[in-house]
Amino acid sequence: MSSSEAAAQQRGHSSQTGVNVESTTNNKTKSLAQKVRKRDNNQAHQAADLQGYLQKWTNLVKGFQRRWFVLDQGVLSYYLDQSEAQQQSRGAIKLSGALIEHVDACTFSVTSSSPELNFRIKAASEVERQTWIVALELAKTAATVDAAPQQVKSSEGGRCRRTRVPDKPNYPLSLWSIVKNCIGKDLTKIPMPVNFNEPLSMLQRLTEDYEYADILDVASTCEDACEQLAYLAAFTASAYATTSNRINKPFNPLLGETFECDRTDDLGWRCLAEQVSHHPPIAALHCESDNWQCWQEFSMTSKFRGKYMQIIPLGTAYVSFNKTGTRYSWRKVTTTINNIIVGKLWVDQQGEMEIVDANAPHGNKCILNYVPYSYFGREIQRSVKGVVINGQKQAKWLVRGTWDEQIEIAPVLRTLGTPENPSYSTGEYKVAWRRRPAPVDSEKFYNLTTLACQLNEPEEGVAPTDSRHRPDQRLMEQGLWDESNQEKLRLEEKQRGVRRMREERVKQGFTVPDYEPLWFKREGADGMHVYNNKYWEAKATQSWSDCPDIY
């Protein structure tokens, strides 16, 4: 097993840090856990221990392959064969919280969300399949009971975060009545009612890019620079996962609006975003962990073309790995929203993304192709294909998958064919990223992920300009859309009033300095906004006196 695979298995990623229970519930849970353990634990562990050969799905080329599986103490592990059983496993899933599903008469699957793993397994017969499923369910029960006191302890000593927002009200409104006069115009300059929004700002939506930041932690451990770049490619694709079913637009940030997301305690990273320009609208963002730093400047143009709308991102994103200082940059691809007028809305990503070594323009790079959907095309919908090329223009890793489900990577062993039409012989593919299952009933609350639900959760001590203080956004989340629309108009008029005042002073001959953001500064030849290292210090002392009054 490579160091990166080991790191991927060791580091989990969960957006739930505790259980939301009161002290009386804690006592009941402890009591229940003690009773269940006393009655069932020994029997469950004895029944659960099992081992034997099964068929495991590997990839599209090799299909199901014979592997040795061991179920022991609430963990399902597999090995290449029985002789490896005393060594480190090729993969393992903790059954506490895992999903065990029937697939067909002889096939079942076991899925863990932290870390993300999926075993698709085929038994020799229906009887053998049922034997394993019963053993797995018993082991899962025992493991879940054992974990109950630890979960209670987590809720007592750590922060409990919400896992959903209020359901979306039913406010019918004709989309065509709003957008029929917008054809050919830039939608960022057109006021829209909150009926088309989700209760998040664009700053919060950009922060969602780091939901799968654990991939960057894995990439930071790679000794092979090209393998690191393949993992980075998987991370960039993961940022589009929720766009497949999130069709509501986020709130446009006000000038000076900020958003912080400090998840150092559970996810290992913290992020700060600020709206640094209003015309054109530009957001700057900085995210950091012990292993890497990311920063980006985001702007966009959008055009409504009748049947579809296109969102063309502007700006560049960067990542730097602390261990080596290696720095990569990339630009996002175009998002297309189809069936604006008639039919069910659906989203597609298209275009070519180049991830390049920002320190060595002629060094390693990855070319990712987001294939647009075509009714007559051979590619599966939402397909992503890519290749990592070294400085000598040799293909070293392949990337494949879909931007809404999972990305696999594999090393290139040989390159065949011509430079114009190459073909590759690769090693075994491994999953670099897999999307987590959606929360239960998420279609009722805007198809938000668990992390997205937590982004707008009220929090003390954040800057007064934080998106969580926006009254229109908060009212909308609470289902008070009429009041939210009134507040949205008030905030927009307040922002326009400040701009008119500045313009009037210029007409009167006064020197009015250009707007300067608080937490970002322009650097480099391109004048990109980068973090000035002042926000977290200001938060520690609650020094918010320089924050503008935007709400």
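Condition test on Ala219, is it crowded, with 24+ Cβ neighbours inside 10 Å, modelled with pLDDT of 95 or more and over 19 Å from Thr334 (Cβ atoms)?
Numbers: crowded, with 24+ Cβ neighbours inside 10 Å: yes; modelled with pLDDT of 95 or more: yes; over 19 Å from Thr334 (Cβ atoms): yes.
Spelling it out, Ala219 is indeed crowded, with 24+ Cβ neighbours inside 10 Å, modelled with pLDDT of 95 or more and over 19 Å from Thr334 (Cβ atoms).
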Worksheet entry | Filter result for Arg496 (open to solvent by 90 Å² or more (accessible area, probe 1.4 Å), at pLDDT below 95, over 25 Å from Gln293 (Cβ atoms) and not hydrophobic (A, V, I, L, M, F, W, C)) | no
Response to the item:
If you go through Pro419, Pro411, the only one that is free of Cβ contacts under 8 Å to residues at least 24 places away in the same chain and touching a Lys or Arg at 6+ places or on another chain (Cβ under 9 Å) is Pro419
Discussion item. Please go through the range 117-134 and give me each residue that is crowded, with 19+ Cβ neighbours inside 10 Å and assigned to a helix (DSSP H, G or I), ordered by number.
Written reply: Arg129, Trp132
Worksheet entry | Every pair of residues 6+ apart whose Cβ atoms lie under 6 Å, when the first sits in the range 359-384 and is within 12 Å of Asp348 (Cβ to Cβ) while the second is of a type in the set (Phe, Trp, Tyr) and open to solvent by 90 Å² or more (accessible area, probe 1.4 Å) | Gln381/Tyr373
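For the range 225-306, which fully contained strands (runs of 3 or more DSSP E) count at least 1 residues that are open to solvent by 10 Å² or more (accessible area, probe 1.4 Å), within 26 Å of Val384 (Cα to Cα) and in contact (Cβ under 8 Å) with a residue 12 or more places away in the chain? Can you show your working first?
Numbers: elements: 249-251, 258-263, 269-277, 282-289, 292-304.
Those strands (runs of 3 or more DSSP E) span 249-251, 292-304.
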Discussion item. Cβ contacts < 8 Å: first residue within 15 Å of Val384 (Cα to Cα), restricted to the range 331-357; second residue aromatic (Phe, Trp, Tyr) and open to solvent by 70 Å² or more (accessible area, probe 1.4 Å), any location; separation 6+ or different chain. Result?
Written reply: Asp348/Tyr373
Response to the item:
Counted residues in the range 187-205 being outside any strand (DSSP E or B), at pLDDT 95 or above and either open to solvent by less than 10 Å² (accessible area, probe 1.4 Å) or aromatic (Phe, Trp, Tyr) (or both) come to 2
Practice prompt. Please find, within the range 329-362, the residue that is farthest from Arg305 (Cα to Cα) out of those that are of a type in the set (D, E, K, R) and surrounded by 15 or more Cβ atoms within 10 Å (Cβ to Cβ).
Written response: Asp357
Worksheet, complete the sentence: Residues of the range 422-459 being within 15 Å of Arg474 (Cβ to Cβ) and either free of Cβ contacts under 8 Å to residues at least 60 places away in the same chain or among the β-branched types (Val, Ile, Thr) (or both), in sequence order, are Pro458, Glu459
Discussion item. Checking Gly97 against (1) surrounded by fewer than 19 Cβ atoms within 10 Å (Cβ to Cβ); (2) at negative phi; (3) touching a residue at least 40 places away in the same chain (Cβ under 8 Å); (4) not hydrophobic (A, V, I, L, M, F, W, C), only one condition comes out false. Which one?
Written reply: (2)
Fill in: Pick from the range 61-94, criterion free of Cβ contacts under 8 Å to residues at least 12 places away in the same chain and not in a loop (DSSP other than H, G, I, E, B), ranking: nearest to Asp49 (Cα to Cα)
Ser83
Worksheet item: Here are some residues: Gly386, Gly315, Gly427. Which one is closer than 23 Å to Leu60 by Cβ, surrounded by 15 or more Cβ atoms within 10 Å (Cβ to Cβ) and small (Gly, Ala, Ser)?
Response: Gly386
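Residue-by-condition table, conditions (1) over 25 Å from Ile215 (Cβ atoms); (2) modelled with pLDDT of 95 or more:
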{"residue": "Met309", "(1), (2)": "yes, no"}
{"residue": "Val333", "(1), (2)": "no, yes"}
{"residue": "Asn339", "(1), (2)": "yes, no"}
{"residue": "Leu345", "(1), (2)": "yes, no"}
{"residue": "Ile355", "(1), (2)": "no, yes"}
{"residue": "Pro361", "(1), (2)": "no, no"}
Fill in: Residue that is modelled with pLDDT under 95 and closer than 25 Å to Arg434 by Cα, where the choices are Asp214, Asp266, Asp262
Asp266
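The values are calculated or read from the model by the stated rules, or taken from the named source; none is laboratory data. Here the structure is a predicted model, which means the values were calculated and not measured. Glycine gets a Cβ as well: all are built from the backbone with ideal geometry, and neighbour counts include every protein chain shown. Surface areas here come from the heavy atoms of the whole protein model, side chains and all, with no ligands, DNA or RNA. Shrake-Rupley method; radii C 1.70, N 1.55, O 1.52, S 1.80 Å.
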